[in-house]
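**Q** Take a look at this one; I'll ask things after.
The values are calculated or read from the model by the stated rules, or taken from the named source; none is laboratory data. Model, not experiment: these values are computed from the prediction. Ideal geometry is used to build each Cβ from the backbone, glycine not excepted, and the neighbour counts take in all protein chains shown. Protein only, heavy atoms only, side chains kept; ligands, DNA and RNA dropped before computing areas. Shrake-Rupley method; radii C 1.70, N 1.55, O 1.52, S 1.80 Å.
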Amino acid sequence: MGGGAVANAGSTAGYAHLLDPNRKWYNNRRIITLNAWIVLLLITSSTNGYDGSMMNGLQSLTQWTDYFNHPSGGRLGLLNAIQNIGSLAAYPISPYLSDGLGRRPAIFIGAAIMCVATALQSAAQSSGMFIGARFLIGFGLTFAANAAPMLVTEISYPTYRAPLTSTYNSLWYSGAIIAAWTTFGTFKIAGSTWAWRIPSILQGLPSILQVCLIWFAPESPRWLVSKGRDAEALKTLAYYHADGNTEDPLVKYEFEEIKAAIEFDRTVAANVGWKSLFTKRGNLKRLRIIVAIAFFSQWSGNGLVSYYLNRVFDTIGITDPTIQLLINGILQIWNLFWALGASFLVDRIGRRILFLTSVSGMLIFFILQTVCSALFAQRNDSNAAHAVIAFIFLFYASYDLAFTPLIVSYTVEILPFAIRAKGFTIFNFAISLSLIFNQYVNPIALDNIGWKYYIVYCCWLAFEGVFCYIYIVETKNRSLEETAAMFDGEEATEQIAGIAHAKIDEPNDEKHSDGSFQEHKSAA
């Protein structure tokens, strides 16, 4: 793919001329309602972020460490890694729930399991009970986290699809912020297990909300078409994308494009099933990128701060739990700011530029963090310790440009519908494997070699930069079907778009349901 050639040089997608310029997220009641449902889906990521930050905070709570007999090394690694082990157990099942029962049922089942799991975690009387509850949290979260981002990208209004799907993973930090400041507050509850039980209880609130409301949200039109429920799919598209007008040119184009893409996957490319992921050339290209960015998202040095921030602080002499919790809380707010900012730039700047800028910044600031950590270790220089904190913040600003907002959105958009759930499962599986490694190895390595362990990540970040330069391609300004099809060659892209254009009647002047007219260009 030679230098990561831009996949689309044009500035408009195949449907751009069909969009009503007066239909915006802030002035259209149906799009406002749709985006409200999408917010319900986005909080799945917040739940995941809450867990990671909560475990970081609990390690700084003396009430938690005392209750569980000061876990360290492999035992501490197990307490963190067990959630991802639970996720691994659910991965073989999750794509079949999402594809078989639908996106909404999968989210409901996952949220229900999460409710039970957080109740057990909050009531834990031993480390075994706490570990078992965290296994169930990972198990349930997998079902919801597999289906939610796919449903977001499959029901979003076209112009808001990329920002909203990118916002999904960015909201990991919204949960992290709540957890960080919750543990900072409950730290003041001296001598009581409520210092860690309260954060555990709060972890279940988003799942309770999803259990109560998810059945009222729209189902994916693509899933409905795949099940032969075409009329229901068309009605859903029309209701949310065109104020109920099934004759709207945009709705007709989207509907026919979805049908054409699903039919292409079934008959032309035979692009269905697990086997096709490893036998089709286009799918192998997808897997190379998907698995790589999954590992990169956890092996860029961020795993040290995400799960073992207190250990990093220990290596630079910051041992006061109050200071550790305070910095953790501020860091999560900083992360959310940069991640959300990048989410709304994905269609303006493009995916490739964001990935390359992100890796370059991470490499620079992690090297500087390593140098300053070494200076503190060798000279006990307090200025070097303060510089480490500054470089942690700058490192995360760089990380958040791409590896927070894009890893989920880029993955789901390059996968065709027929294998989207399965491909996304492989992505999540790769993340869990990388996390388990991180959570076991990082505390042991930090205990034994301290700052020298950072050198490993410096070398790895350099490799990430080379990989992204060669293999990450630009996908901005394409529809979901066009983006997925481009990996199968321009012929597939043109065929799907051509079928969609051929099946819609597109006059020069189209009257909208509100009585206004919009001039449309002829299909290319």
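**Q** Among G191, G185, which is the only one that is surrounded by fewer than 18 Cβ atoms within 10 Å (Cβ to Cβ) and free of Cβ contacts under 8 Å to residues at least 24 places away in the same chain? Walk me through how you get there before you give the answer.
**A** Working: G191 fails: free of Cβ contacts under 8 Å to residues at least 24 places away in the same chain.
Only one candidate passes the filter, namely G185.
**Q** Return only the number of the condition from (1) over 19 Å from G49 (Cβ atoms); (2) open to solvent by 10 Å² or more (accessible area, probe 1.4 Å); (3) under 15 Å from the mean Cα position of the chain (by Cα) that L368 does not satisfy.
**A** (3)
Rundown of residues vs (1) under 19 Å from F187 (Cβ atoms); (2) over 19 Å from the mean Cα position of the chain (by Cα); (3) open to solvent by 10 Å² or more (accessible area, probe 1.4 Å); (4) hydroxyl-bearing (S, T, Y), yes/no style:
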residue: G49; (1), (2), (3), (4): no, no, no, no
residue: M55; (1), (2), (3), (4): yes, yes, no, no
residue: T62; (1), (2), (3), (4): yes, yes, yes, yes
residue: L76; (1), (2), (3), (4): yes, yes, no, no
residue: I93; (1), (2), (3), (4): no, yes, yes, no
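**Q** Counting only residues that are under 17 Å from A106 (Cβ atoms), open to solvent by less than 10 Å² (accessible area, probe 1.4 Å) and not polar (S, T, N, Q), how many does segment 421-450 have?
**A** Kept after step one, since they are under 17 Å from A106 (Cβ atoms), are these residues of segment 421-450: 421-429.
Filter once more, keeping what is open to solvent by less than 10 Å² (accessible area, probe 1.4 Å): 421, 423-425, 427.
Checking the rest, the ones that are also not polar (S, T, N, Q) come to 421, 423-424, 427.
Of the residues in that region, 4 qualify.
**Q** For segment 156-212: of the residues being among the aliphatic types (A, V, I, L, M) and farther than 23 Å from A145 by Cβ, which is modelled with the highest pLDDT? Please lay out each step first, then the result.
**A** In the first step, residues of segment 156-212 are kept if they are among the aliphatic types (A, V, I, L, M); the result is 162, 164, 171, 176-180, 189-190, 195, 198, 201-202, 205, 208-209, 211.
Imposing the further condition that a residue be farther than 23 Å from A145 by Cβ reduces the set to 189-190, 195, 198.
Details: I189: 85, A190: 75, A195: 90, I198: 93.
Checking each candidate, the answer is I198.
**Q** Still on this structure: Do you know which of the residues in segment 312-357 that are outside any helix (DSSP H, G or I) and open to solvent by less than 30 Å² (accessible area, probe 1.4 Å) is modelled with the lowest pLDDT? Even if it seems obvious, please write down each step before you answer.
**A** Of segment 312-357, the ones outside any helix (DSSP H, G or I) are 316-320, 344-350.
The next check asks that each one be open to solvent by less than 30 Å² (accessible area, probe 1.4 Å); those that pass are 316, 318, 346, 350.
Values: I316: 73, I318: 77, V346: 91, G350: 91.
Among them, the one singled out is I316.
**Q** Just checking, does segment 324-331 include any residue being among the aliphatic types (A, V, I, L, M), under 30 Å from T165 (Cα atoms) and under 17 Å from the mean Cα position of the chain (by Cα)?
**A** Within segment 324-331 (the criterion being among the aliphatic types (A, V, I, L, M), under 30 Å from T165 (Cα atoms) and under 17 Å from the mean Cα position of the chain (by Cα)), the answer is no, since none of the residues qualifies.
**Q** If you scan segment 55-83, which residues turn out to be among the charged types (D, E, K, R) and in a loop (DSSP other than H, G, I, E, B)? Give the derivation first.
**A** Just the residues of segment 55-83 that are among the charged types (D, E, K, R), to begin with: 66, 75.
Of everything in segment 55-83, nothing turns out to be among the charged types (D, E, K, R) and in a loop (DSSP other than H, G, I, E, B).
Residue-wise test of (1) closer than 27 Å to S46 by Cβ; (2) basic (K, R); (3) out of contact with any helix residue (DSSP H, G or I) (no Cβ under 7 Å at 6 or more places or on another chain).
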site: L205; (1), (2), (3): yes, no, yes
site: V211; (1), (2), (3): yes, no, no
site: I214; (1), (2), (3): yes, no, no
site: R222; (1), (2), (3): yes, yes, no
site: S226; (1), (2), (3): no, no, no
site: A242; (1), (2), (3): no, no, no
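**Q** Looking at this structure, is P95 out of contact with any Lys or Arg (no Cβ under 9 Å at 6 or more places or on another chain), within 30 Å of L234 (Cα to Cα) and part of a helix (DSSP H, G or I)?
**A** Working: out of contact with any Lys or Arg (no Cβ under 9 Å at 6 or more places or on another chain): no; within 30 Å of L234 (Cα to Cα): yes; part of a helix (DSSP H, G or I): yes.
Judged against the criteria, P95 is not a match.
**Q** Can you pull out the helices (runs of 4 or more DSSP H) entirely within segment 379-473 that have at least 1 residues that are without any contact (Cβ under 8 Å) to a residue 40 or more places away in the chain? So that I can check it myself, show each step before the final result.
**A** Values: elements: 382-402, 406-414, 417-449, 454-471.
Helices (runs of 4 or more DSSP H) meeting the threshold: 382-402, 417-449, 454-471.
So that you can scan it fast, the table gives a plain yes or no per residue for (1) touching a Pro at 6+ places or on another chain (Cβ under 8 Å); (2) at pLDDT below 80; (3) farther than 27 Å from P149 by Cα:
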{"position": "A421", "(1), (2), (3)": "yes, no, no"}
{"position": "S434", "(1), (2), (3)": "no, no, no"}
{"position": "F437", "(1), (2), (3)": "no, yes, no"}
{"position": "N477", "(1), (2), (3)": "no, yes, no"}
{"position": "M486", "(1), (2), (3)": "no, yes, no"}
{"position": "A492", "(1), (2), (3)": "no, yes, no"}
{"position": "P507", "(1), (2), (3)": "no, yes, yes"}
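**Q** If S382 passes every condition in (1) surrounded by fewer than 17 Cβ atoms within 10 Å (Cβ to Cβ); (2) at pLDDT 90 or above but one, which one does it miss?
**A** (2)
**Q** Among the numbered criteria (1) at pLDDT 95 or above; (2) under 19 Å from the mean Cα position of the chain (by Cα), which one does S360 miss?
**A** (2)
**Q** Based on this model, can you work out whether A242 counts as open to solvent by less than 10 Å² (accessible area, probe 1.4 Å), of a type in the set (A, V, I, L, M) and at pLDDT below 95? If you could, list the steps in order and put the result at the bottom.
**A** On the way: open to solvent by less than 10 Å² (accessible area, probe 1.4 Å): yes; of a type in the set (A, V, I, L, M): yes; at pLDDT below 95: yes.
It is true that A242 is open to solvent by less than 10 Å² (accessible area, probe 1.4 Å), of a type in the set (A, V, I, L, M) and at pLDDT below 95.
**Q** Using the structure shown, decide if L136 is part of a helix (DSSP H, G or I) and closer than 30 Å to A261 by Cα.
**A** no
**Q** May I ask you to list the residues in segment 97-115 that are in contact (Cβ under 8 Å) with a residue 24 or more places away in the chain and open to solvent by 10 Å² or more (accessible area, probe 1.4 Å)? Walk me through it before giving the result.
**A** Residues of segment 97-115 in contact (Cβ under 8 Å) with a residue 24 or more places away in the chain: 97-99, 102-104, 106-115.
Correct list: L97, D99, R104, F108, I109, A112, I113, C115.
**Q** Test R222 against the stated conditions and say whether it is assigned to a helix (DSSP H, G or I), farther than 13 Å from M55 by Cα, touching a residue at least 12 places away in the same chain (Cβ under 8 Å) and among the charged types (D, E, K, R). Quick ask: steps written out before the conclusion?
**A** On the way: assigned to a helix (DSSP H, G or I): yes; farther than 13 Å from M55 by Cα: yes; touching a residue at least 12 places away in the same chain (Cβ under 8 Å): yes; among the charged types (D, E, K, R): yes.
For R222, the condition - assigned to a helix (DSSP H, G or I), farther than 13 Å from M55 by Cα, touching a residue at least 12 places away in the same chain (Cβ under 8 Å) and among the charged types (D, E, K, R) - is met.
**Q** Moving to a separate point now. In this structure, does G86 turn out to be in contact (Cβ under 8 Å) with a residue 24 or more places away in the chain, assigned to a helix (DSSP H, G or I) and closer than 30 Å to F344 by Cα?
**A** Details: in contact (Cβ under 8 Å) with a residue 24 or more places away in the chain: yes; assigned to a helix (DSSP H, G or I): yes; closer than 30 Å to F344 by Cα: no.
No.
**Q** N27 fails exactly one of the following numbered conditions: (1) part of a helix (DSSP H, G or I); (2) of a type in the set (S, T, N, Q); (3) surrounded by fewer than 19 Cβ atoms within 10 Å (Cβ to Cβ). What is the number of that condition?
**A** Tallying (1) part of a helix (DSSP H, G or I); (2) of a type in the set (S, T, N, Q); (3) surrounded by fewer than 19 Cβ atoms within 10 Å (Cβ to Cβ), N27 fails exactly one: (1).
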